[in-house]
Amino acid sequence: MTVSPLSPQPLPPERLRRRCDPASLGFATTADVERIDGLVGQDRALDALTFGLGLTAKGYNIFVLGEPGSGRHNAVRQFLEQAAEKEQAPDDWVYVHNFREPHKPRALKLPAGRGPELAEAMRALVDGLKSGMPAVFESEDYQNRRKAIDVQFKESHDAAFQAIAQKAEKEGLGLLRTETGFGIVPMKNGNPIEPQVFDKLPLEERQDYQRRIKALGEELAEAVENVPRLDKERREKIRDLNRQLAEIAVKRAMNDLIAAFGDLESAKAYIEAVREDLIDNAGLFVQSAEESDLDGTDENGLPVLIDPAVNRYKVNVIVSHDPKIGGDPVIYEDFPDLGHLIGRIEHVPHMGAMLTDFTLIKAGSLHRANGGILMVDAERLLGEPFVWQTLKRCLRSEAIAIESPLQTAYTVTAVTLEPDPIPLEVKVVVFGERRTYYLLAELDPDFSELFKVAADFEDRFSWEDGPPETYGRLIASIAHDEELLPLTAEAVAAVIERAARMVADQERLSLRIGPIADLLREADYWARQAGDDTIKDDHVRRAIAEQIRRLDRVRERLHEEILRDTIRVATEGAETGQVNGLSVIGIGNFSFGQPSRISARVRMGAGKVIDIEREVELGGPLHSKGVLILSGFLAARYAPDVPMSLAATLVFEQSYGGVEGDSASAAELFSLLSALADAPLRQDIAVTGSIDQNGRIQAIGGVNEKIEGFFDICSARGLTGSQGVMIPAANAKHLMLREDVVEACRAGKFAVYPIATADQGIALLTGLNAGERGDDGAFPADSVNGRVEARLLAFAEARRAYAKGGSDDKPVA
């Protein structure tokens, strides 16, 4: 087939894949390389992190943008920990009982490390009082003084009634004690007069008895009414006695506590409240000792979960830090639900109810990170109910308020608490994908006020900034951290070339540390399987091949159907209105190229190019855009002075799924031009590229996979030396083709053609001159463009003639 002079020349083999020279790395194995610290190629993100940590103003929290697998988490965590270790340890926070309002536990701030000390001191105090307090009230001195008070009450009580009894005797009456109290009865000869005998007495005598009984009854009533007063005085004297002895016992027991914490302003008020409550409730310790036998169990041997004699004096250490170690806390919350983030109030079941107290308050990650840094993933944060709003509320109010999840559970009878909010001073670092950041910035008005610092992580950087030193040290650092075998220089070069392939760019290297680390781990596995003590380039290539093979089933089946002619893709000969387009199919983390037959049919019409994929709603918006662009190019370039009188259809043959992207628009244009010019297109050259309205070929994605996809089909059928792929010239810098493809090109069995314009492409595919307009404004008649324009003019003339000869019952196209 004749090749037009305008046809592009194949790219030389050295342009198809950039090589990394192992000798340029400067080491034999990575064992000789010093590991690299810090973030590689992330100057922008590093500056943002430094700025965000240094500025303590409200709202300057950090959102770390980047793609999954970029290594952001480990790199940022290492950076933050290095920055945090220079700081002093933040304060401890504890919850204690509120003796005035028990349902509102108090939060105390203590110097770092003092929280557990206070908790231990209070435990020792309670333990001492549990054994010491009962001993005080069982002492002989206390019993004697208590007995004296009881005797005094009894004597006063008995003296009053004895006097009444004596007076009654003088009056001929008697004072009797009954089940309901005291009563006065008439007496005769020392015995009570029976009622029936009394009723037979003379009236005057009965009245005299009644007068005396009434008079003495008033004195008796006064004496009876005086008994509660006397008992109250007795109880007050006993209470005063108990307080006196309890105060002595408490003072003695609290000496160590006061000596250790009396200098802390935050603890003084609490210690004084403890002292007063211990004195007032000394009986709790006597009762607790009787019921639980001082071992934390009840009379049945079961643990006492909420013991008022013990729990009210406990100290619940929410968060504590070792001042000797120092440093701000750096906390990563892997499961940011409401309880894990802001803490929770646990409950214990008791007789159908849920009970709790301040000792069951549990800290959340915000508590543990208070005074330091909290790291959390945006997607996980947004996936939990109420958590995002709660985090924003905490950051706005600068306080952590624990909300019990049972507060809204109306079907459960539960005791709830309202703990004091704890002041919050934290730097929140949220990790998320770029789309998450942009959506939050657009849809959440609070986001920009609370996360004012964006640390945008690069996923690639310049090859020139990588080898021979920086990227090699990065690979050596990963191998060292993962405790892998040392890599030879050749193996490192293979990894570097793979990093360029990952971003499909000869001038860039991937900074997605996750996939690079996976490749090194798998290469280490194959090296150990082979019994080698270093990782060689063969092991790296084996790891790459195995990664592909594990996910290659679908590609193999599709290519198998092409080779069996179930899916029709020609790789030799020429066809009119038919071209091999290239697409990329992605399955998980694996993508591969798939050749597809694109065909076009033309006839006279109303100037419409029908995209069949769009008509049946299989074409995506970008694909439809590409078809509309090529329609615009066609209408503007050919026969611009006459109405477009073309009816054309374009379709991906044997396509049963969606089609998206504009990378097939150049191939669709070539098939359309071929049909219009009646010029067969080479089937041994596949096409990828998008077209603009001026006929320029634009860059597309997945160029390596597309080339390799067509190469695999050609190779399986047998390379003829004429086969190849046409790509946009702008994509030449993105080529990092497989070794077998490069070697086939080197041997002249395959070719990659860069094109910049539609004319270059159609000339290569047809072997004809594309044609340029001459001084007369016309394309050469024997050129492709000349044929296309002549065909369109013929359509326009035929349409005009058809319209003139038509009638009312004859439709006009």
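Tabulated data
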| item | result |
| --- | --- |
| Which numbered condition Ile587 fails, given (1) crowded, with 17+ Cβ neighbours inside 10 Å; (2) out of contact with any Phe, Trp or Tyr (no Cβ under 9 Å at 6 or more places or on another chain); (3) more than 13 Å from Leu672 (Cα to Cα) | (1) |
| Cβ-Cβ under 6 Å pairs, at least 6 apart or on other chains, region 510-529 side more than 16 Å from Asn74 (Cβ to Cβ) and without any contact (Cβ under 8 Å) to a residue 60 or more places away in the chain, far side buried (at least 23 other Cβ atoms within 10 Å of the Cβ) and hydroxyl-bearing (Ser, Thr, Tyr) | none |
| Yes/no for Phe182 being surrounded by 15 or more Cβ atoms within 10 Å (Cβ to Cβ), of a type in the set (A, V, I, L, M, F, W, C), assigned to a helix (DSSP H, G or I) and at pLDDT below 85 | no |
| Residue under evaluation Ile62, criteria (1) out of contact with any helix residue (DSSP H, G or I) (no Cβ under 7 Å at 6 or more places or on another chain); (2) modelled with pLDDT of 95 or more, criterion not met | (1) |
| Every pair of residues 6+ apart whose Cβ atoms lie under 7 Å, when the first sits in region 538-552 and is under 9 Å from Trp526 (Cβ atoms) while the second is part of a helix (DSSP H, G or I) and of a type in the set (Gly, Ala, Ser) | His539/Ala491; His539/Ala523; His539/Ala527; Val540/Ala491; Val540/Ala494; Val540/Ala523; Ala543/Ala523 |
| Scan of region 631-654 for residues that are open to solvent by 40 Å² or more (accessible area, probe 1.4 Å) and either polar (S, T, N, Q) or part of a helix (DSSP H, G or I) (or both), ordered by number | Ala635, Ala636, Arg637, Thr649, Gln654 |
| Subset of region 449-505 [polar (S, T, N, Q) and either at pLDDT 95 or above or closer than 14 Å to Val33 by Cα (or both)] | Thr470, Ser477, Thr488 |
| Met726 farther than 17 Å from Val687 by Cα and not acidic (Asp, Glu) | no |
| Single condition Gln693 does not satisfy, out of (1) at pLDDT 95 or above; (2) touching a Gly at 6+ places or on another chain (Cβ under 6 Å); (3) polar (S, T, N, Q) | (1) |
| Filter result for the condition that a residue is under 30 Å from Thr470 (Cβ atoms), of a type in the set (Val, Ile, Thr), part of a helix (DSSP H, G or I) and open to solvent by less than 30 Å² (accessible area, probe 1.4 Å), over Val76, Val64, Val126 | Val76 |
| Hey, Ala259 open to solvent by less than 60 Å² (accessible area, probe 1.4 Å) and either closer than 22 Å to Gly115 by Cα or touching a helix residue (DSSP H, G or I) at 6+ places or on another chain (Cβ under 8 Å) (or both) or not | no |
| Candidates Leu53, Leu39, Leu108, Leu49, filtered to the one that is more than 19 Å from Ile478 (Cα to Cα) and either among the small types (Gly, Ala, Ser) or not in a helix (DSSP H, G or I) (or both) | Leu108 |
| Which numbered condition Phe153 fails, given (1) surrounded by 18 or more Cβ atoms within 10 Å (Cβ to Cβ); (2) farther than 30 Å from Glu398 by Cβ; (3) under 32 Å from the mean Cα position of the chain (by Cα) | (3) |
| Whichever residue in region 29-58 is surrounded by 13 or more Cβ atoms within 10 Å (Cβ to Cβ) and small (Gly, Ala, Ser) and, among such residues, is modelled with the lowest pLDDT | Gly41 |
| Candidate set: region 701-725, residues that are without any contact (Cβ under 8 Å) to a residue 60 or more places away in the chain and not in a loop (DSSP other than H, G, I, E, B); chosen: the one most open to solvent (accessible area, probe 1.4 Å) | Ser715 |
| Residue in region 12-28 that is aromatic (Phe, Trp, Tyr), over 26 Å from Ile496 (Cβ atoms), surrounded by 16 or more Cβ atoms within 10 Å (Cβ to Cβ) and in contact with a helix residue (DSSP H, G or I) (Cβ under 9 Å, 6 or more places away or on another chain) present | no |
| Given (1) within 40 Å of the chain's Cα centre (by Cα); (2) of a type outside the set (D, E, K, R); (3) within 16 Å of Ala686 (Cβ to Cβ), number of the condition Ala699 does not satisfy | (3) |
| Considering residues of region 666-694 that are touching an Asp or Glu at 6+ places or on another chain (Cβ under 7 Å) and of a type outside the set (D, E, K, R) only, the residue farthest from Leu646 (Cα to Cα) | Gln683 |
| Within region 24-45, tally of residues that are among the charged types (D, E, K, R) and over 30 Å from Val64 (Cα atoms) | 1 |
| Residues that are under 16 Å from Ala570 (Cα atoms), modelled with pLDDT of 85 or more and open to solvent by 10 Å² or more (accessible area, probe 1.4 Å), drawn from region 655-689 | Pro680, Arg682, Asp684 |
| Considering residues of region 531-579 that are under 21 Å from Ala664 (Cα atoms) and of a type in the set (S, T, N, Q) only, the residue least open to solvent (accessible area, probe 1.4 Å) | Thr571 |
| Some residue of region 1-9 being part of a helix (DSSP H, G or I) and open to solvent by 80 Å² or more (accessible area, probe 1.4 Å) | no |
| Ala770 being outside any helix (DSSP H, G or I) and either more than 60 Å from the chain's Cα centre (by Cα) or touching a residue at least 60 places away in the same chain (Cβ under 8 Å) (or both) | yes |
| Matching residues, region 193-213, being touching a strand residue (DSSP E or B) at 6+ places or on another chain (Cβ under 7 Å), modelled with pLDDT of 75 or more and either closer than 19 Å to Ala163 by Cα or of a type in the set (S, T, N, Q) (or both) | Arg212 |
| Hey, Ala399 at pLDDT 95 or above and open to solvent by 10 Å² or more (accessible area, probe 1.4 Å) or not | yes |
| Filter result (surrounded by 17 or more Cβ atoms within 10 Å (Cβ to Cβ) and either touching a strand residue (DSSP E or B) at 6+ places or on another chain (Cβ under 7 Å) or under 30 Å from Cys714 (Cβ atoms) (or both)) within region 772-807 | Ser783, Val784, Asn785, Arg787, Val788, Leu792, Phe795, Arg799 |
| Filtered residues of region 576-630 (kept if of a type outside the set (A, V, I, L, M, F, W, C), over 30 Å from Leu551 (Cα atoms) and outside any loop (DSSP other than H, G, I, E, B)) | Gln578, Ser599, Arg601, Arg603, Lys608, Asp611, Arg614, Glu615, Ser624, Lys625, Gly626 |
| Residue count for region 129-148, restricted to those that are in a helix (DSSP H, G or I) and free of Cβ contacts under 8 Å to residues at least 12 places away in the same chain | 7 |
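The values are calculated or read from the model by the stated rules, or taken from the named source; none is laboratory data. For clarity, every value in this text was computed on a predicted model and none was experimentally measured. Here the Cβ is made from the backbone with ideal geometry for all residues, glycine too, and neighbour counts use every protein chain on show. In case anyone asks, the SASA skips ligands and DNA or RNA and just uses the protein heavy atoms, side chains included. Shrake-Rupley method; radii C 1.70, N 1.55, O 1.52, S 1.80 Å.
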